[in-house]
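Colleague: Can you read through this structure? Questions will come right after.
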Amino acid sequence: DLKKLSGIGAYTAGAIACFGYDQKVSFVDGNIRRVLSRLFTLENPSMKELEKRAKELLNLNHAFDHNQALLDIGALVCVSKNAKCGICPLYDFCQGKFHTELYPRAKKILYESVNLNLFLFEFNKKFAIGQSQDKLY
């Protein structure tokens, strides 16, 4: 099993198995995530949900071509901004074609503010950093 190798995740293992060994497996990368999210109107799907959908859709008679087509659609047609739905071969089946900006919903990155009271000391061209435990204001 390729996933047992260090540094090989589910996507890489699936792509190698499919394209390198002609195995009938599906996989999900960022482009395929976007295609599946729009196709099934999945706002914030888990990787498990996406892998399940990809497996259900997989054309077992043409797995190589199927996976390559999904990658190409995601990279060239079903792009993040300004999706080209009019030329998409999945247009008739796509549930999110009129609201592509909603699928998948962008994850909000939360930042935490941290206030530190630091001092930089220099003596004879040597530097040290110190931290005050007291507030300066």
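The values are calculated or read from the model by the stated rules, or taken from the named source; none is laboratory data. It should be emphasised that the depicted structure is a prediction, and the values quoted were computed from it without experimental measurement. Note that each Cβ is placed from the backbone with ideal geometry, even for glycine, and that neighbours are counted across all protein chains shown.
Colleague: For residue 65, indicate whether it is of a type outside the set (A, V, I, L, M, F, W, C), surrounded by 10 or more Cβ atoms within 10 Å (Cβ to Cβ) and modelled with pLDDT of 95 or more.
Modeller: yes
Colleague: Still on this model: Residue by residue through the range 47-105, note down the ones that are within 11 Å of residue 35 (Cα to Cα) and of a type in the set (Val, Ile, Thr).
Modeller: 73, 77, 79, 100
Colleague: Another question, if that's okay. If you check 46, 26, 6, which single one turns out to be touching a residue at least 12 places away in the same chain (Cβ under 8 Å) and either among the hydroxyl-bearing types (Ser, Thr, Tyr) or touching a strand residue (DSSP E or B) at 6+ places or on another chain (Cβ under 9 Å) (or both)?
Modeller: 26
Colleague: When the range 9-23 is examined, which residues are found to be in contact (Cβ under 8 Å) with a residue 24 or more places away in the chain and more than 24 Å from residue 88 (Cβ to Cβ)?
Modeller: 10, 22, 23
Colleague: OK, next. Do we have any residue at all in the range 103-119 that's at pLDDT 90 or above, surrounded by 10 or more Cβ atoms within 10 Å (Cβ to Cβ), of a type in the set (Ser, Thr, Tyr) and part of a helix (DSSP H, G or I)? Can you show your working first?
Modeller: Of the range 103-119, the ones at pLDDT 90 or above are 103-104.
Keeping just the survivors that are surrounded by 10 or more Cβ atoms within 10 Å (Cβ to Cβ) gives 103-104.
Checking which are of a type in the set (Ser, Thr, Tyr) leaves us with 103.
After this cut, where a residue has to be part of a helix (DSSP H, G or I) as well, the list is none.
The answer is no, given that none of the residues of the range 103-119 is at pLDDT 90 or above, surrounded by 10 or more Cβ atoms within 10 Å (Cβ to Cβ), of a type in the set (Ser, Thr, Tyr) and part of a helix (DSSP H, G or I).
Each row is one residue, and each column tells you yes or no for (1) in contact with a Gly (Cβ under 8 Å, 6 or more places away or on another chain); (2) closer than 22 Å to residue 10 by Cα.
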| position | (1), (2) |
| --- | --- |
| 34 | yes, yes |
| 50 | no, yes |
| 54 | no, yes |
| 58 | no, yes |
| 64 | no, yes |
| 68 | no, yes |
| 76 | no, no |
| 81 | no, no |
| 84 | no, no |
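Colleague: Where residues in the range 7-52 are charged (D, E, K, R) and part of a helix (DSSP H, G or I), which of them is surrounded by the fewest Cβ atoms within 10 Å (Cβ to Cβ)?
Modeller: The residue in question is 48.
Colleague: Still on this structure, I have one more. Condition first: part of a loop (DSSP other than H, G, I, E, B) and under 21 Å from the mean Cα position of the chain (by Cα). Can you find one or more residues in the range 56-74 that meet it?
Modeller: yes
Colleague: Turning to a different aspect of this structure: Out of the residues in the range 87-137 that are among the β-branched types (Val, Ile, Thr) and farther than 27 Å from residue 72 by Cα, state the one that is farthest from the chain's Cα centre (by Cα). Write out each step before concluding.
Modeller: So the first thing to find is which residues in the range 87-137 are among the β-branched types (Val, Ile, Thr), and the list is 87, 100, 109, 114, 129.
Filter once more, so that each one left must be farther than 27 Å from residue 72 by Cα: 109, 114, 129.
Values: 109: 14, 114: 29, 129: 39 Å.
My answer is 129.
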